[in-house]
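**Q** Below: one structure in structure tokens.
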Amino acid sequence: MSAKDQTIIGLCQVGTPAPFVKALKEKIANTYLPDGTKAVVKTVDFEWQGPNSDASKLVRDGDFKIRAFEEVSRLRAAGAKVAAVTNCRTLGFKNELQEEITTPITDFPTACAHAVSENPNLKIGYLGSTSAPKAAAIKEAVEKVFKPQWVDLDKSFDPIVEEIQELLHKGKSSDEKEALDKLAMLCSELVRGGAEKILPTCGLQALLSEALNAKGYPVIDVVKAFADYLCFTEWHNLPKPFKIGIVGGLGPAATVDLYDKITRFTPAKTDQKHIKSQLSRTLRFLTERNTCSKAVLTRHLPYTRPVNDWKTMTSTPS
């Protein structure tokens, strides 16, 4: 098979523990596609200088978003049919990424939802703290596929959830065993609450799905569900985002006035609902202050019509 005909699946691994990325790559590489071939898995590795350790949360979050955007952009350029974000932190701004990238972007909560969506009345146990910022994003991703009944842990278990995360990040076998025992206790609590399936909420938890299933807990196998979803879904590029370009020439004050009008006339109730905009004030192209040059308009736009055709688009400021 030529490289052109290969199916490329991209993994955006920013902020994701390496063991989970490795397990997912191996699972995809060993899964046959519907046409009998196997997918090529692409990841992006490049030097990235993050913010200082004493940087504010705003700066650290911004750096995380930029890194994710850079990875997804490079995966698209590499020919990926789909870009899979492997860290649930990315869910909070996945829609922003998708607005800029035509390659479909997906995540493991969505994959897990498709794996269990045959039962629309399913009760899913949330294996994590519902107080965590990612909880709402994870549930929203699942609910875009179907609306399960959620079984949540009581907030009194939040300290245990934090302990489990600390143990898992240490990476020692003794710590992993202790984390497994604590996860089993939480799974038991969820089952007592009526959970029919249990959803791990991070990659390191997901790696213990098999061990938890061996103990009799109905934990979703995230790695298998994610790999199957990526391999067996027919992916198509999304339409390019619709963008409007405005070329002016009346000076800086006119630009400020335009932005003010765009903001005031946009029916947005939150900052996030406003129109995404980008400003480039290239003042060196302007000629005299009291004239609006037709040459500026025609020289820097790929139009071939005569300059006289643009009379209605030029004006002289008062």
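**Q** Exactly which GluC sites (Glu not before Pro) in the range 1-94 are in a DSSP loop and have at most 12 other Cβ atoms within 10 Å?
**A** Those satisfying the criteria are Glu47.
**Q** With axes computed from alpha carbons, what is the tilt in degrees of helix 222-232 against the longest principal axis of the chain, rounded to the nearest 10 within 0 to 90?
**A** Here the helix axis deviates by roughly 50 degrees.
**Q** At 0.36 nm per residue, minus the direct Cα-Cα distance, what do Asp63 and Lys155 gain on full extension? Give it in nm, one decimal, please.
**A** 30.1 nm
**Q** Provide the descending list of Cα extents for the range 1-85 along its principal axes, expressed in whole angstroms.
**A** 50, 25, 18
**Q** Then there is this: Counting other C-beta atoms within 10 Å, and keeping those with at most 12, which DSSP coil chymotrypsin sites (Phe, Trp or Tyr not before Pro) do you find in the range 8-61?
**A** In loop regions of the range 8-61 (DSSP not H, G, I, E or B), the sparsely surrounded chymotrypsin sites (Phe, Trp or Tyr not before Pro) are Phe46, Trp48.
**Q** Read phi for every residue in the range 188-200 and hand back ³J(HN,Hα) as whole Hz from Karplus 6.51 cos²θ - 1.76 cosθ + 1.60, θ = phi - 60°, with x for Gly and Pro.
**A** Working through the residues one at a time gives 4, 5, 5, 5, 4, x, x, 5, 9, 9, 10, 9, x Hz.
**Q** Taking the dipole about the Cα centre of the chain, with the C-beta of Lys and Arg at +1 and of Asp and Glu at -1, give me whichever of Asn30, Ser56, Leu212 is farthest to the positive side.
**A** Comparing the listed Cα positions along the dipole, Ser56 ranks first.
**Q** Hey, can you grab everything whose amide H is under 5 Å from the amide H of Thr7? Only 5+ residues off in sequence or another chain; H modelled, so Pro and N-termini drop out.
**A** Hits under the 5 Å cutoff: Val40.
**Q** On to the next question. Give the accessible surface of the chain per residue, rounded to a whole number of Å², with probe radius 1.4 Å and ligands, DNA and RNA excluded.
**A** Dividing the accessible area of the chain by its residue count gives 60 Å².
**Q** Still on this structure, please answer the following. Past the 31 Å Cα-Cα mark, which pairs from Lys38/Lys177; Lys22/Lys144; Lys147/Lys243; Lys224/Lys276; Lys22/Lys139; Lys94/Lys170?
**A** Pairs exceeding the cut-off: Lys38/Lys177; Lys147/Lys243; Lys224/Lys276.
**Q** What chymotrypsin sites (Phe, Trp or Tyr not before Pro) does the range 79-179 have in DSSP loop regions with at most 16 other beta carbons within 10 Å?
**A** Working: sites: Phe93, Tyr126, Phe146, Trp150, Phe157; in loops: Phe146.
Here the chymotrypsin sites (Phe, Trp or Tyr not before Pro) that fit, given the DSSP loop and packing criteria, are Phe146.
**Q** Could you compute the FRET efficiency for Asp175 and Glu99, with r as their C-beta to C-beta distance and R0 at 45 Å, rounded to 0.05?
**A** Details: r = 40 Å, r/R0 = 0.89.
That pair, Asp175 with Glu99, gives E of 0.65.
**Q** Treating the angle as unsigned and between 0 and 90°, give the value, to the nearest 10°, between the Cα long axis of helix 158-170 and the longest Cα principal axis of the chain.
**A** With rounding to tens, the tilt is 90 degrees.
**Q** Still on this model: Mind checking the angle between helix 133-143 and the chain's longest principal axis? C-alpha axes, 0 to 90 degrees, to the nearest 10.
**A** For 133-143 against the chain, the angle is about 90 degrees.
**Q** Using a/c under 1.5 as the rounded threshold, could you call the range 46-149 rounded, prolate or oblate? The axes a ≥ b ≥ c are square roots of the C-alpha gyration tensor eigenvalues, and prolate needs a/b larger than b/c, oblate otherwise.
**A** Oblate, because a/c is 1.5 or more while a/b does not exceed b/c.
**Q** So how much slack lies between Glu166 and Leu122, counting 0.36 nm per residue of separation and subtracting their Cα-Cα distance, in nm?
**A** 12.8 nm
**Q** Follow-up. Can you pull the one-decimal nm distance between simple spin-label points at Thr270 and Val145, each 7 Å off the Cα toward Cβ?
**A** 2.4
**Q** Could you quote the convex hull projected area for the range 139-255, Cα atoms only and averaged over all directions, in nm²?
**A** 13.6
**Q** Another question, if that's okay. Between Lys197, Lys273, Lys22, where does the largest GNM mean-square fluctuation fall for the chain, given springs only between Cα atoms within less than 10 Å?
**A** Greatest mean-square fluctuation among the candidates belongs to Lys273.
**Q** Among [x] 47, 24, 19; [y] 39, 25, 18; [z] 34, 25, 20, only one was calculated for this model; which label is it, if the read-out is semi-axes √(5λ) of the Cα gyration tensor in Å?
**A** Among [x] 47, 24, 19; [y] 39, 25, 18; [z] 34, 25, 20, the one derived from this structure is [x].
**Q** Another question about this same structure. Can you show me the helix-derived [θ] at 222 nm for the chain, built from DSSP H runs with n ≥ 4 at -39,500 (n - 2.57) apiece and divided by the number of residues, rounded to the nearest 500.
**A** Taking each H run of at least 4 residues, the total per residue is -12500 deg cm²/dmol.
**Q** Between Asn52 and Ser131, take the C-beta separation as r, use R0 = 22 Å, and let me know the FRET efficiency to the nearest 0.05.
**A** The value I calculate is 0.20.
The values are calculated or read from the model by the stated rules, or taken from the named source; none is laboratory data. Everything quoted here is computed from the prediction, not taken from an experiment. Reconstructed Cβ throughout: ideal geometry from the backbone, glycine too, with neighbour counts over all protein chains shown. For accessibility, only protein heavy atoms count, side chains too; no ligands or nucleic acids. Shrake-Rupley method; radii C 1.70, N 1.55, O 1.52, S 1.80 Å.
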